[in-house]
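Report on the following structure.
No lab work stands behind these numbers, since they all come straight from the coordinates. Computed from a prediction, not measured in an experiment: that's the story for all the values here. No Cβ is skipped: glycine too gets one built from the backbone with ideal geometry, and neighbour counts run over all protein chains shown.
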């Protein structure tokens, strides 16, 4: 098992190219189950999660070739099975989204209930209820979902009781081959959903309204192959922007969609860093002095992303004053707070609210990553800390960040990976 070692206290200066979005790439890989024609995905990140999804697809007979670059080729000419076993699904929650495409294409599927980061309950009941509304027969047995739609799926009107990115994406993946029209109400609006819809529409699907709260899907009988460019990862971009703001310096981010982080840039600027942006690049600059305190409430898109809450908290730990951070998406997403406290942070957590009293500096310490985004917050804290920080359990980090130590190292960070 690896660990990350950081000698902190040095500003970041340089340029970082943002990779394709993890949260989009995995769902786009599931698209291959909907057609017997080849799928080519460009700007694909090379991550533990994409490897896990690739292993699952190979188990079901899909040809998967990631090659040496950022292009991935997938071909599900013929499926060898429709079972997604526990040993493969438990590694990553998003693998559960193969259920809908398998049902839509073959009329049956057996998929293990998912695993993933322990940041909250995140039940899949919305996914299952949506598939039932489309006509699927769902049975739960010994940790597996047994689903059948022998006569195919049928369009339906589905209202989500609360906004769910995963359920919105999963229902779209199933409904594109359903008979008739499906209408999703209270749908999630994330850029990754638009990316998925654009890929499906290029394959012959008829989806309108993606990115809005009401999505219409007119089912088609079949889908063709496609070459699709994965949208840049807004969470990776936000993480590196906050790394520059936390450690200080000047970092230019390239290959991004700056409009996808409209809730972040004003808060970084409010804290005292300079933000200069155009459509595909952002420059973050922060010199001496402590940042100003800023309150944050996580919200569904286009609000402040829950996936940047931990990284923003690390930034606010150094603020000259008190900030309040409220987590409104997941009920257990403050697990990074005790680890930041080990580095000298002053954080009080009550329920879904964290009161952060800024300190003058972080102090290096051995810490442990508890989930993917918490890992990134500890990296950012370590970059600003006095001394040498050791971050354990970084397999979480490898799920969502491509070569993070290389990208930060190119900006002057003294960071390395070692075997524990």
Helix 234-247: inclination vs the chain longest Cα principal axis, degrees, rounded to 10, gives 10 degrees
Rank the residues 193, 18 as a footprinting-exposure proxy: fewest other Cβ atoms within 10 Å of their Cβ go first.
193, 18
Using only Cα atoms, locate the centre of the stretch 359-420 and the centre of the stretch 200-250, then give the distance between them in Å, rounded to an integer.
27 Å
Neighbour-count ranking for 185, 301, 240 (other C-beta within 10 angstrom, fewest to most) reads 185, 301, 240
Post the alpha-carbon centroid distance, the stretch 317-336 to the stretch 95-111, in whole angstrom.
37 Å
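Would you calculate a helix-derived [θ] at 222 nm for the chain, using -39,500 (n - 2.57) for each DSSP H run of n ≥ 4 and dividing by the full residue count, to the nearest 500?
-8000 deg cm²/dmol, from helical runs alone.
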On C-alpha positions alone, give me the angle between the axis of helix 372-384 and the longest principal axis of the chain, in degrees, nearest 10.
20 degrees
Fewest to most neighbouring Cβ within 10 Å: what's the order for 50, 159?
159, 50
Hey, what angle do you get for helix 48-59 against the long axis of the chain, alpha-carbon based, 0 to 90 degrees rounded to 10?
20 degrees
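Let me check against my output: what whole-number percent is the relative contact order of the chain, with C-alpha pairs under 8 Å and at least 6 apart?
Result for the chain is 21 percent.
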